[in-house]
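Remarks on the structure that follows.
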Amino acid sequence: MGKYFGTDGFRGEANQVLTAQHAFRIGRFLGCYYTSSARPGKIVIGKDTRRSSYMFEYALAAGITASGGDVYLLHVTTTPSISYVVRTEDFDCGIMISASHNPFNDNGIKLIGGTGEKISGEMIDRMEEYLDRPNDDLPLATGESIGRTIDYVVGRNRYIGYLISLSTHSFKDLRIGLDVANGSSWEMARSIFNALGAKTHLINNEPNGFNINKDCGATHVAGLQKFVTDNKLDMGFAFDGDADRCIAVDEMGQIVNGDRIMYIFAKQMSQQGELPQNTIAATMMSNYGLMKSLERINCHVSVTDVGDRFVYERMTENGYTLGGEKTGHIILSKYATTGDGILTAVKLTEAMLDRKKQLSELSEGYEEYPQIQQNLRVFDKAAVLNDSKVLDEKEKLAAELGSEGRIILRKSGTEPVVRILVEARDKGACRGYIDRLTEVIDSEGYIDRNKEASSDGVF
């Protein structure tokens, strides 16, 4: 990670951490980088429903066109749709303006390369070096070389058509609830499920610029659980602000998180011979029960660092076709290069129809270990992770857990926070292990008690 860009782009409070000037200069850099004497750079931009997304869209477009590049606007759309359009329609780069599951006052800029994957670290380094220059020394386009801005809603429509085409079943008579988080999927998700024949019921589908992710969507599923049971729906799907996550709810109102979804897909794909090496890629934050449950059906987990970027890298390195995160980023590499919430929902519905079972039955054989995570706001997260007393205590606790659980200590990529995660067969034991490690971190003087650490929405 660099000074500005983390594992999921440049993210922070709008006009405090991430400013319109940053967006303009990012546009300037990308316009110059992709524009040559032979042709202008070709860059597609999408955004979510936050109030500030419009400001950043115009700033990026101004920077790109001022550098000679052409901008194609998809307007309000999802992150996976940007990835799809970039890789299928010969764009140099894609930009998604979104802070994903964060509240409305935050925003972010995600960059996607020409193959539909997140942009390289080398290019990010060059961009950050330019952002830190006191003066903007890149050449400005003049005359006929100035770029243009083009409305490109057709690209979003092609993506919708692509997702519809992937289904081999009609969803006729299925009653499906969708929580679109007042975000970028608020129109798209319904149109896809309606086209497939489902009787679609929506909640949180009135975005106003301020209510994206507010007590709804993939990080706040309680509302969808109640909606599914109250209306006797067959299932429900919750997306986040940019719809690259999906959390499902079965017909009984039970949460089917990313780990359960991966288990369902892995079980089916293994039986169909579509799971190379019988292995999936998942982050260290996936439940220990996922690994144990997959072992019982002769499947395995290749564990990565946290972030769907690292999951996809592991998948491409080893030829895996399935990977993801507990939070609902699911990557099905046969169809996409990124996590795609709507795609996940479509394929999960298909799995139910293939096997003629209700969603609650698909995860039969999956055992989830009790899990507790504690977020601690600290003065120096790097120092915590390198403190010998802290590390000694962590190793001592890991030895006590043995093969029946695990303890993870890691730093947040976006906040001055360290996270302790413990899994064990007994939930009370989890709490005890966390308290013991927290006590050591506190005794070393690292905990900042002036502010409360935020939750990352782990289920």
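Some notes on this structure:
- The listed residue being aromatic (Phe, Trp, Tyr), surrounded by 18 or more Cβ atoms within 10 Å (Cβ to Cβ), under 29 Å from Gly177 (Cβ atoms) and at pLDDT below 95, out of Tyr369, Tyr288: Tyr369
- Residue that is surrounded by the fewest Cβ atoms within 10 Å (Cβ to Cβ) [pool: residues in segment 168-197 that are assigned to a loop (DSSP other than H, G, I, E, B) and either without any contact (Cβ under 8 Å) to a residue 12 or more places away in the chain or under 23 Å from the mean Cα position of the chain (by Cα) (or both)]: Glu187
- Members of segment 15-30 found to be in contact with a helix residue (DSSP H, G or I) (Cβ under 7 Å, 6 or more places away or on another chain), crowded, with 21+ Cβ neighbours inside 10 Å and closer than 22 Å to Thr77 by Cα, listed by number: Ala23, Ile26, Gly27, Leu30
- Just one residue in the set Asp179, Asp173 is in the same structural domain as Asn205 (by TED's automatic domain parsing), out of contact with any Leu (no Cβ under 7 Å at 6 or more places or on another chain) and either within 30 Å of Lys356 (Cβ to Cβ) or of a type in the set (S, T, N, Q) (or both); that residue is Asp173.
- With respect to (1) of a type in the set (D, E, K, R); (2) over 26 Å from the mean Cα position of the chain (by Cα); (3) over 20 Å from Ile247 (Cβ atoms), the lone exception for Lys381 is condition (2).
- Output for segment 207-229, where each listed residue is of a type in the set (Val, Ile, Thr) and buried (at least 19 other Cβ atoms within 10 Å of the Cβ): Ile212, Thr219, Val221, Val228
- Boolean, Arg126 is of a type in the set (Lys, Arg) and in a helix (DSSP H, G or I): yes
- Test: Leu397 is closer than 18 Å to Met284 by Cβ and under 30 Å from the mean Cα position of the chain (by Cα): no
- Of the residues in segment 69-84, at least one is modelled with pLDDT of 95 or more, closer than 27 Å to Arg314 by Cβ, outside the structural domain of Arg309 (by TED's automatic domain parsing) and of a type in the set (A, V, I, L, M, F, W, C).
- 2 or more residues in contact with an Asp or Glu (Cβ under 9 Å, 6 or more places away or on another chain) and farther than 26 Å from Asn157 by Cα: qualifying helices (runs of 4 or more DSSP H) within segment 3-104: 20-34
- Between Thr219, Thr200, the distinction of being out of contact with any His (no Cβ under 8 Å at 6 or more places or on another chain) and of a type in the set (Ser, Thr, Tyr) belongs to Thr200 only.
- First in segment 129-148 and of a type in the set (Phe, Trp, Tyr), second anywhere and part of a loop (DSSP other than H, G, I, E, B), Cβ under 6 Å, 6 or more apart: none
- Looking across segment 99-152 at every residue that is polar (S, T, N, Q) and modelled with pLDDT of 95 or more, the one that is nearest to Thr78 (Cα to Cα) is identified as Asn107.
- Test: residue in segment 402-423 that is surrounded by 14 or more Cβ atoms within 10 Å (Cβ to Cβ) and either without any contact (Cβ under 8 Å) to a residue 12 or more places away in the chain or in the same structural domain as Val256 (by TED's automatic domain parsing) (or both): no
- Residue match in segment 323-341 (condition: surrounded by fewer than 17 Cβ atoms within 10 Å (Cβ to Cβ), among the acidic types (Asp, Glu) and under 30 Å from Val417 (Cβ atoms)): no
- Single residue of segment 68-94 satisfying the filter (farther than 15 Å from Asp151 by Cα and hydroxyl-bearing (Ser, Thr, Tyr)) that is farthest from the chain's Cα centre (by Cα): Thr88
- Of the helices (runs of 4 or more DSSP H) that lie entirely inside segment 225-338, not one contains 3 or more residues that are outside the structural domain of Asp179 (by TED's automatic domain parsing), within 27 Å of Asn102 (Cα to Cα) and touching a residue at least 40 places away in the same chain (Cβ under 8 Å).
- Within segment 353-376, the set of residues being closer than 28 Å to Glu423 by Cβ and assigned to a helix (DSSP H, G or I) comprises Leu359, Ser360, Glu361, Leu362.
- Pairs, first assigned to a helix (DSSP H, G or I) in segment 427-443, second basic (Lys, Arg), C-beta under 7 Å, six or more apart: Leu437/Lys394; Val440/Lys389
The values are calculated or read from the model by the stated rules, or taken from the named source; none is laboratory data. What you see is a predicted model, and the numbers here were worked out from it, not measured in a lab. Glycine gets a Cβ as well: all are built from the backbone with ideal geometry, and neighbour counts include every protein chain shown.
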